[in-house]
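A short worksheet on the structure shown next.
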Amino acid sequence: LLDGGRPIAINSGWSTTNDSAAIAETAVRTGAFPFAPGSADAAILINLAPGAYTAQVGAATASGIALLEIYEVP
């Protein structure tokens, strides 16, 4: 996740983060896809100020199709 080209959050495996329990609980609460334990799915749970941000999805040595979902969490 970038703010004006400056990285502010990076994730390449949701279950290895310090907030993995909060990510799993928030996915259920918002109706997002459930994450399988130990999967390599990326997820970021972050508070952002209003503004424009850029999400970069992908891997340096791979190509394919990505699905990016953004949820406002009450």
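Quick look at the values:
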item	result
Rounded percent of accessible protein surface that carbon and sulfur make up, the chain, 1.4 Å probe	57 percent
Inter-site label distance for V73 and R29 at 7 Å from Cα along Cβ, in nm	0.7 nm
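The values are calculated or read from the model by the stated rules, or taken from the named source; none is laboratory data. Predicted, not measured: the structure shown is a model, and the values here were computed from it. Here Cβ is always computed from backbone atoms with ideal geometry, including for glycine, and neighbour counts include all displayed protein chains. Accessible surface is based on the protein model in full, side chains and every heavy atom, while ligands, DNA and RNA are left aside. Shrake-Rupley method; radii C 1.70, N 1.55, O 1.52, S 1.80 Å.
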